[in-house]
Structures are given as structure tokens and as C-alpha cells.
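To start, the structure under review is shown below, and the notes come after it.
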Amino acid sequence: MDPISRSVTRMDFNEKVDGHILFCADLKPDGLLYARTLRAARPRAEILSIRLPPLPEGYFTVDRSDVPGVNRIPLVFDDQPFLAEETVRYVGEPILLLVGPDRDVLGDLLGAIEVAYRDLPPILSMDEAARRTEDFITGEGPCFVEYAYDKGMPDDAIAHAVRVVEDVTETGWQEQAYMEPQSMLGEVDGDRVTVSGSMQCPYYIHSALMRAFGWPAERVRVRQLPTGGGFGGKEEFPSLIGVHAALAAWKTGKPVRIVYDRAEDIACTTKRHPSRIRIRSHLDADGNLLVQEMDVSMDGGAYAGLSSVVLQRMIFTVGGVYRVPHLRVRGRVYATDHVPSGAFRGFGGPQALFAIETHIEHIARELGVDPLAYRRRHFLAKGDTSMTGGVFHHPILLDRIADEIDAMSGFTRKRNDPSWKEGKKRGIGVSLFLHGCGFTGSGEKDMLHPKVRLQRDREGMVRIFVSSTEIGQGSGTTLRKIVARTMGLPLDRVEYCWPDTDQCPDSGPTVASRTAMIVGRLLQECAQELLTHEEPEADITRNYHYLRHLNWDNDAFSGNAYPEYSWGANAVETEIDPATGQWRVTGIWGVFDIGTPLDERIVRGQIEGGMVQGLGYGGLEVLSAKAGRLQQATFTDYMIPTACDFPSVETRLIENPYEFGPFGARGLGELSLVGAAPALALSIADAVGCPVGRLPVTPESVLALLCGRDVSPAAPSDAGHASDAEGRK
């Protein structure tokens with residue numbers, strides 16, 4: 001059987017004989033010590049003093065004075081310390097570590113530490129941040145970044161518009177809820193440190209270690225261990241905990257392991273950005289989209305992190321799949337004293353697509369036309385330009401996608417048949433969406449410089465060395481299949497080696513739906529080159545080359561924002577109990593164009609998991625704060641979807657090969673999530689007969705809509721959260 005099209009269950013990973021993979025929490029090297037973190041109890045405060053209890057023999061502290069290099073995490077902006085300095089900026093910020101041989105004793109010692117604070121007025125909403133022209137601590141403005149760009153001639157076009165429709169939408173935080181919490185092991189070998197653990201991006205941690213220790217690259221090593229999920233939560237955050245483990249190991253000379261419990265993980269790790277998006281559309285005499293003005297605001301939390309990059313994707317995605325000749329787009333990331341927001345599957349896409357799909361539905365309703373038919377009038381096609389003016393060079397099959405989702409779900413029939421709703425509060429919603437594959441702009445060329453390595457030994461075994469991590473999404477299988485098919489080898493003659501910076505080149509991070517399309521293509525080219533080597537042993541690398549038909553001006557935000565796009569549609573059907581506002585999903589459908597699927601079983605798993613995660617974001621996952629402190633701490637009060645919450649997902653794939661992807665593949669992982677929440681919200685809006693402008697759509701908010709109460713987006717609460725309820729049990 002052709003290895004590219006069949007699934008396998010055997011993996012050449014570091015497994016025990018019984019098939020159980022060893023995670024970081026399972027490793028117990030000789031002399032192992034544990035570390036626990038003292039965290040800030042205030043959202044914003046000056047640290048006046050720290051009083052430690054007497055430490056038993058063999059117990060140590062690690063604080064900012066133990067950072068030999070620069071006490072700043074290397075990301076887009078270097079504003080976040082590894083360990084707090086004079087002030088703390090959010091509840092949960094790490095102040096110091098306690099290290100010792102017994103975790104329970106460490107817990108007792110942590111409880112005995114006394115920290116004296118001088119409280120400072122916190123900033124706990126985007127509105128409050130906007131009112132402050134200058135931060136009284138940092139001297140900086142209210143925003144980490146502000147971006148703006150135009151397409152076409154919006155001012156001139158507005159003068160010719162005959163109708164205006166405007167909407168504001170809001171979304172709240174979302175927790176990644178990976179199965180394995182954050183965990184790292186630090187070890188010392190002579191004059192080197194090694195960090196092993198649960199991660200998405202080994203070279204992020206490698207750079208952080210170099211920064212914290214002030215050492216050259218050869219003195220630090222990072223190894224990915226089997227990782228129980230990431231969803232973006234293990235992109236940038238492990239740089240923090242990885243350096244903590246390494247500092248503790250270096251100070252004590254012994255291996256040190258840090259494993260968060262679930263409450264600590266939820267309380268202090270990065271979340272999906274809360275957002276507020278305003279869209280104003282100017283229509284011509286025929287009701288067509290002439291100009292759109294879009295204003296995007298995000299709550300970045302206490303430190304900049306990756307917020308600037310998330311904002312870029314959000315403002316490049318907020319136009320959705322629609323052709324609009326004139327645009328005016330503005331975006332801001334506000335600095336608040338909340339836990340920092342960061343990477344999450346979809347990376348700004350879910351917030352943006354909820355906004356545009358809600359808005360397009362509103363326009364269709366105002367015009368009295370079928371919402372799917374109105375969407376079709378504006379679908380992008382090959383040869384059109386994106387929001388940033390980049391030409392779409394490859395076929396876009398949105399009409400076919402719309403035909404398929406309509407036929408599968410019965411959307412048009414149900415929307416136009418009054419008898420379908422008789423006796424029930426029933427609704428159906430549809431969303432159309434896209435996702436840019438790969439890093440924003442020319443990031444693959446100018447920032448990442450991705451590289452892959454293939455090695456063949458005398459026995460003909462081929463080994464893959466890349467920094468692209470297997471985090472449960474199946475990349476270990478997919479990348480092996482690409483190499484096996486290219487070289488005409490049985491799958492068991494190709495091995496995926498767990499990323500280790502001593503062996504693998506920097507292939508770029510495992511983010512942005514880039515692993516299959518970007519890294520997979522590089523491996524395909526590398527495998528083709530390996531075939532030309534006649535000698536039995538060979539070790540070759542391949543570097544990424546920016547495609548000639550692409551162009552990007554990062555100063556003007558002009559050109560091809562992404563190398564390529566994937567496309568899709570979701571439909572969701574719901575029924576509502578009018579007495580309680582409780583909604584129940586009765587049907588879920590998805591159609592996706594991801595080029596050529598490399599492994600249909602993995603693809604199905606990604607689609608079903610992504611759509612359910614998106615539905616959780618849309619209606620279940622309430623995360624709120626009080627005085628800067630998150631109120632949900634476990635999976636009892638932070639509700640995530642289970643297999644019992646939704647019916648089976650019916651999906652179809654549209655074959656549309658991408659010439660520059662491996663065997664025609666595009667990106668998938670994030671596309672599968674981004675359209676589910678809009679479809680759910682539009683379904684509930686159809687059932688209750690009025691628009692839904694906030695996510696998540698809780699029973700409390702549905703009941704308010706049914707009772708005629710105004711729940712339109714307004715000034716956000718402490719958390720910038722979009723729900724009326726702080727949590728449900």
C-alpha cells in the first residue's frame with residue numbers, strides 16, 4: 001500500500017516495552033530535586049521585602065540574583081523577567097523558586113514565606129488601559145503595539161456608499177487545557193546545562209537559556225520529551241519554566257524537576273487573548289461591500305509576549321473569505337495587569353472570524369437576503385487580492401465548499417422552512433473561513449531560516465532530525481510518510497527522532513500550521529537530494545527558500561501576509577430550552593480544503609478535535625477574574641468539552657493540491673478550530689431571533705436574550721471577559 005495514504009499505529013519513539021511513553025513527570029534521575037514557585041499574590045505591587053523561614057539542610061532558593069546573564073525572556077519585546085525584580089505585574093508572576101528533595105516540604109516552606117507589598121493601582125480592563133496615556137511605572141503608553149493599514153482608497157469610496165452597517169463583538173480568555181501540565185527537567189553536565197521537557201519550540205528555550213546564562217550556544221542543550229498536548233500553550237511559556245529548571249540545576253549541581261499541578265498551570269500560564277472588534281461596512285446601492293473599517297483591540301496582559309504577532313494575524317484575518325475593494329484596519333494590544341495572553345491554536349483567527357461572520361450575517365439580515373447567498377457574492381477567488389494586497393495565486397474553491405456544507409447540513413432548506421422550527425427553539429448557523437499557513441509575512445525567510453536534516457546509515461535506515469515537535473497532532477507519522485514515499489521506502493525504514501538541539505537543526509517552531517506544509521516540503525526536497533547520493537551513508541541538510549512569487553513589505557503591511565491559505569466551512573445546529581437558556585448541539589458539519597491530505601486518519605482526528613475545541617471556546621469555556629485573580633482553577637469549574645457533549649462530526653475534504661506543499665498538502669491544525677465558534681453563535685442567534693455578540697454563549701446569556709435583556713458588547717469586566725457568568729459547575 002502507498003505509505004502516504006495509510007495510517008500506522010507503530011511509532012519509533014522512546015517507548016517502554018509495554019508501549020507506555022515516559023513523560024517528564026516519570027523521569028527520576030539520581031539525586032533528583034524538586035522546585036516549586038513562589039508567585040505574586042497581587043496584580044500590581046512593589047515588593048518591599050521577602051521573609052523566608054529557616055530552610056532545612058539540602059533546600060535552596062533561586063531568585064533573580066541567581067540569573068548570571070540577562071533577566072529577560074527573549075521574545076518580540078524583552079520586557080518580561082524570568083524572575084520578578086522590584087515590582088510584580090500580575091497575580092501568579094514568579095518571584096523565586098524553592099528547591100529541595102521533598103515536594104511536600106517545599107509546599108510547607110512556600111506557605112511560610114512572608115512577602116510585604118506596596119500595592120499599586122492595577123489596570124484590569126482594556127478600557128481602563130485606554131484611559132491612561134502613560135503607565136506610571138514603566139513610562140510607556142497604554143498599548144504594547146498599535147498597527148494600521150489601508151487597502152484601496154477608503155475615504156473616497158465611503159463618499160459613494162449608500163448604507164452603513166456596524167457591529168461590535170467581544171471574546172474572552174480560553175485555557176489550552178492540554179492533558180500534560182507544564183513540566184521541565186534541568187540537568188548539569190560539566191560546564192553545560194540540559195533542559196528536557198514538554199514543549200513545542202526547543203529553540204525558543206535554547207535562546208532563553210543562552211540569554212539567562214550569558215553563554216554561547218554550545219553550552220546549552222534542549223531536548224523535547226513526549227509531550228501531552230500544547231495548543232500554543234507550550235510555545236513561548238516553556239522558555240520561562242525551562243530557565244527556572246536550569247537555574248536551579250546549575251545552583252544545586254543536581255537534576256531539578258518542575259511539574260505544575262493543574263491549578264498552578266491554569267493560574268499562571270498564557271491564555272487566548274480577550275478581544276473587542278468593531279466592524280463598520282459601507283455598502284453600495286446594490287448592497288455589496290464597498291468599504292470596511294475595522295478596529296481590533298486585544299488584552300495582552302502584563303507583558304508583551306507574542307501579542308504583537310497575534311495582533312498581526314488577527315488584523316490580516318478579520319476580513320474573512322470576502323472580497324472588499326477598500327479597507328481601513330486598525331489594531332491595538334492593551335497592557336493590563338492580567339496573566340499574559342499568548343499563543344493559542346488559531347492565533348487570533350477565532351476572534352477575527354467570529355467578528356466578521358457575525359457581521360456578514362447581520363448585513364444579510366438587514367438586506368433581507370439569504371446569508372449564504374450574500375456570502376457567495378463576495379467570495380474570494382484566484383487572482384483576487386488579500387486584505388494586505390497579496391495576490392491569491394492558487395485556486396480558491398469557496399463555491400464548492402459552500403455547496404458541500406449546504407448539502408450536508410441542509411442549511412438553506414432549514415433557514416427557509418418555517419415548519420422546521422415549529423414547536424422548538426431551533427437554529428442553524430454556517431461559517432466560512434480561511435487560515436494563513438506559515439509565519440506571517442516573510443517571517444519564514446527573514447526570521448526563522450528553517451532547516452531540516454536527513455541521515456542514512458549503512459543499513460539503509462533514514463532518520464529525520466528537525467525541531468518540529470510531536471505534541472499529539474501526528475507530525476511524527478506525517479513527516480515519516482513524506483520521506484518514505486519520496487524515497488520509495490517502507491515506513492519502518494524511516495525514523496522520526498525526538499528533537500534535540502545537539503542533533504537537529506532549527507526547523508522553526510511547531511506553530512502556525514507550518515509543520516506539514518513548510519517543514520514537510522523541505523524534508524521532501526531533502527529526501528529527493530538524498531536519493532542522488534550513491535554512497536550508503538549520507539548526512540544532508542536543506543534550507544528554506546522564499547517562493548519567488550511572494551512579496552511582503554513589513555513596514556507597510558503590504559503583500560502576501562502568508563505563503564498560502566487553507567479554507568473551510570462549518571455548520572452547527574442547536575436546540576434551546578427556553579426555560580433555562582441551555583443549548584444543545586444536534587448537528588455538526590465541516591468541509592475543508594487542505595490541499596491533499598497526507599494521512600486521512602490523522603486529518604479526521606485533527607478536524608474533529610479542532611471543531612470540538614472551537615465549540616468549547618464558543619459556548620462552554622468560561623474563564624473570569626476578580627481583582628486580577630482567575631476564578632477557575634480546575635476542570636470542575638473550567639468546563640471543557642467531552643465526547644458526551646456533542647454529536648458526531650460529519651466532515652468532507654475538498655481535493656485541491658497545493659503545488660508547493662509536500663504531495664500537495666496545505667496546513668490543517670488551526671483551520672479545524674477557527675470556524676466552529678462562529679457557526680455555534682450564529683446557530684444560537686437563529687434560534688433566539690437576535691444577534692449574539694459575545695463569546696462564550698452561556699445559558700445565562702441565552703436566557704437574557706430570550707427575556708429581551710440587552711447583552712450587547714459593552715465595557716468588559718475585570719477580565720475583559722465576554723460572559724455574564726463567572727463559571728458553571
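The values are calculated or read from the model by the stated rules, or taken from the named source; none is laboratory data. Just so it is clear, the structure is predicted and the values come from calculations on it, not from any experiment. Ideal geometry is used to build each Cβ from the backbone, glycine not excepted, and the neighbour counts take in all protein chains shown. Quick note on the areas: whole protein, heavy atoms, side chains included, nothing else; ligands and nucleic acids left out. Shrake-Rupley method; radii C 1.70, N 1.55, O 1.52, S 1.80 Å.
Over all alpha-carbon pairs in the stretch 387-537, figure out the percentage whose distance exceeds 24 Å.
Details: 5929 of 11325 pairs.
Here the tail beyond 24 Å accounts for 52 percent of pairs.
Send over the Kirkwood Rh of the stretch 19-112, from the inverse of the averaged 1/r over different Cα pairs, rounded to one decimal Å. Before the final figure, lay out each step's value.
On the way: mean 1/r = 0.0660 Å⁻¹.
Roughly 15.2 Å, rounded to one decimal.
How large is the charge dipole for the stretch 402-512, taken about the Cα centre, if only the Cβ atoms of Lys, Arg (+1) and Asp, Glu (-1) carry charge, to the nearest 20 debye? It would help to have the intermediate numbers written out before the result.
On the way: 17 positive and 15 negative charges, 104 e Å.
My answer is approximately 500 debye.
Please state, to two decimals, what the Cα-based radius of gyration of the stretch 299-358 comes to when divided by 2.2 N^0.38 Å (N = residues). Numbers along the way, then the final one.
Details: Rg = 12.4 Å, N = 60, 2.2 N^0.38 = 10.4 Å.
After normalising by residue count via 2.2 N^0.38 Å, the value is 1.19.
Suppose every K and R has +1 on its Cβ and every D and E has -1 on its Cβ; what is the size of the dipole of the stretch 320-375 about the Cα centre, in Debye to the nearest 20?
Values: 7 positive and 5 negative charges, 51 e Å.
Using Cβ point charges on Lys, Arg, Asp and Glu, the stretch 320-375 gives about 240 debye.
Enumerate the lysines that Lys424 could reach by cross-link, defined here as Cα to Cα under 27 Å, with residues fewer than 8 away along the same chain left out.
Result set, ordered by chain and number: Lys414, Lys729.
Using a 7 Å offset from the Cα along the Cα-to-Cβ direction at both Glu459 and Arg601, what is the distance between the two label points in nm, to one decimal?
2.5
Can you tell me the length gained on complete extension of the stretch Val76 to Ile21, counting 0.36 nm per residue apart and subtracting the Cα distance?
Details: separation 55, 0.36 × 55 = 19.80 nm, distance 3.43 nm.
The span from Val76 to Ile21 would gain 16.4 nm if fully extended.
Could you check how much of the accessible area of the chain is carbon and sulfur, as a whole percent, using a 1.4 Å probe? Kindly include the intermediate steps, with their values, before the conclusion.
On the way: 12750 of 26300 Å².
Answer for the chain: carbon and sulfur cover 48 percent of the accessible area.
Can you tell me the dipole magnitude for the chain around its Cα centre, using point charges on the Cβ only (Lys, Arg +1; Asp, Glu -1), in Debye to the nearest 20?
On the way: 77 positive and 99 negative charges, 127 e Å.
Rounded to the nearest 20 debye, it is 620 debye.
Please give the residues of the stretch 290-306, grouped as numeric ranges, whose backbone N is less than 12 Å from a label point set 7 Å along the Cα-to-Cβ vector of Glu140.
300-306
Going through the cross-link list Lys28/Lys251; Lys251/Lys271; Lys451/Lys481, which pairs have a Cα-Cα distance over 21 Å in this structure?
On the way: Lys28/Lys251 19 Å; Lys251/Lys271 31 Å; Lys451/Lys481 19 Å.
Over 21 Å apart, Cα to Cα: Lys251/Lys271.
Accessible area, 1.4 Å probe, largest first: how do His549, His449, His273 sort?
Numbers: His549 50, His449 110, His273 0 Å².
Ranked from most to least accessible, the order is His449, His549, His273.
Would you work out which of Phe660, Pro371, Phe237 lies farthest towards the positive end of the dipole of the chain, given +1 charges on the beta-carbon of Lys and Arg and -1 on that of Asp and Glu, about the Cα centre?
Pro371
Report, ordered by chain and residue number, the lysines lying within cross-link reach of Lys445, taken as a straight Cα distance under 25 Å and ignoring same-chain residues fewer than 8 apart.
Lys151, Lys234, Lys382
What distance in nm lies between label points placed 7 Å from Cα along the C-beta direction at Arg132 and Ile158?
3.1
Lys/Arg Cβ at +1, Asp/Glu Cβ at -1, dipole of the stretch 459-499 taken about the Cα centre: which of Leu491, Met461, Ile471 is farthest positive-ward?
Projecting each Cα onto the dipole axis, the largest value belongs to Leu491.
From the convex hull of the Cα coordinates of the stretch 55-107, what is the mean projected area in square nanometres?
On the way: hull surface 19.5 nm².
Dividing the Cα hull surface by four gives the mean projection, 4.9 nm².
For a quick protection proxy, order the peptides 510-520, 528-538 by their average other-Cβ count within 10 Å, most packed first. Intermediate values should be presented prior to the final figure.
On the way: 510-520: 27.1, 528-538: 11.9.
Output ranking for 510-520, 528-538: 510-520, 528-538.
Using heavy-atom solvent-accessible surface (probe 1.4 Å) with all chains present, what is the largest-first order of Glu187, Glu57, Glu140, Glu564? Before the final figure, lay out each step's value.
Working: Glu187 55, Glu57 180, Glu140 105, Glu564 20 Å².
Ranked from most to least accessible, the order is Glu57, Glu140, Glu187, Glu564.
Provide the three semi-axes, in whole Å and in decreasing order, of the ellipsoid equivalent to the stretch 286-419 as defined by the square roots of 5 times the Cα gyration tensor eigenvalues. Before the final figure, lay out each step's value.
Values: eigenvalues 184, 65, 45 Å².
One finds semi-axes of 30, 18, 15 Å for the stretch 286-419.
Which three semi-axes in whole Å describe the equivalent ellipsoid of the stretch 587-633, each the square root of 5 times a Cα gyration tensor eigenvalue, listed largest first?
Details: eigenvalues 218, 27, 14 Å².
Over the Cα atoms of the stretch 587-633, the semi-axes work out to 33, 12, 8 Å.
Show me the chymotrypsin sites (Phe, Trp or Tyr not before Pro) within the stretch 606-653 that DSSP assigns to loop and that have at most 11 other Cβ atoms within 10 Å of their Cβ.
Details: sites: Tyr617, Phe635, Tyr638; in loops: Phe635, Tyr638.
Sites meeting the loop and neighbour criteria: none at all.
Under the 0.36 nm per residue contour assumption, what length would be gained going from the current alpha-carbon distance of Arg584 and Arg376 to full extension? Before the final figure, lay out the partial values.
On the way: separation 208, 0.36 × 208 = 74.88 nm, distance 2.87 nm.
Net length gain for the segment: 72.0 nm.
Tell me which of Val62, Ser49, Phe23 sits at the most positive position along the dipole axis of the stretch 14-94, charges placed on C-beta atoms (Lys, Arg +1; Asp, Glu -1).
The listed residue farthest towards the positive side: Ser49.
Can you work out the accessible area per residue across the chain, with the rest of the protein chains kept in place, probe 1.4 Å, in square angstrom?
Details: 26300 Å² over 729 residues.
Averaged over the residues of the chain, the accessible area is 36 Å².
Could you give P(r) for the stretch 163-239, binned at 10 Å from zero, as whole percent values over all Cα-Cα pairs?
17, 39, 20, 11, 7, 4, 1, 0
Using a 1.4 Å probe and counting only protein heavy atoms, arrange His545, His338 so the residue with the most accessible area comes first.
Details: His545 130, His338 0 Å².
Result of the area sort, largest leading: His545, His338.
Give the share of C-alpha pairs in each 5 angstrom bin for the stretch 482-623, from 0 to the last occupied bin, in whole percents, shortest bins first.
Calculated over all Cα pairs of the stretch 482-623, the distribution is 2, 6, 11, 15, 14, 13, 12, 10, 7, 5, 3, 2, 1, 0, 0 percent.
Can you give the convex hull volume of the alpha carbon atoms of the stretch 253-359 per residue, in Å³?
On the way: hull volume 12.9 nm³, N = 107.
Taking only Cα atoms, the stretch 253-359 has a hull volume of 121 Å³ per residue.
Round to the nearest 0.05 the FRET efficiency obtained for Asp399 and Asp286 when R0 = 22 Å and r is the Cβ-Cβ distance. It would help to have the intermediate numbers written out before the result.
Values: r = 20 Å, r/R0 = 0.89.
E between Asp399 and Asp286, to the nearest 0.05, is 0.65.
In Å and from the alpha-carbon atoms only, list the Rg and Dmax of the chain.
Radius of gyration, then largest Cα-Cα span, for the chain: 25.5, 81 Å.
Once you have the Cα-Cα distance between Arg493 and Arg51, take 0.36 nm times their residue separation minus that, and quote the gain in nm to one decimal.
Details: separation 442, 0.36 × 442 = 159.12 nm, distance 5.86 nm.
Result: 153.3 nm gained on full extension.
Provide, as a two-decimal number, the C-alpha radius of gyration of the stretch 388-432 over 2.2 N^0.38 Å, N being how many residues it has. It would help to have the intermediate numbers written out before the result.
Values: Rg = 15.5 Å, N = 45, 2.2 N^0.38 = 9.3 Å.
So the stretch 388-432 has a normalised radius of gyration of 1.66.
Hey, for a label at Glu114 modelled as a point 7 Å past Cα toward Cβ, could you say which residues of the stretch 40-68 have their backbone N under 17 Å away?
Residues 41, 47-55 qualify, since their backbone N sits under 17 Å from the label point.
If I model a spin label at Asp539 and Ser419 as a point 7 Å from the Cα along the Cα→Cβ vector, what separation in nanometres do I get?
Result for the modelled spin labels: 7.4 nm.
Using a Förster radius of 51 Å, what is the FRET efficiency between Ser65 and Asp645 based on their Cβ-Cβ separation? Nearest 0.05, please.
Working: r = 49 Å, r/R0 = 0.96.
Calculated value: 0.55.
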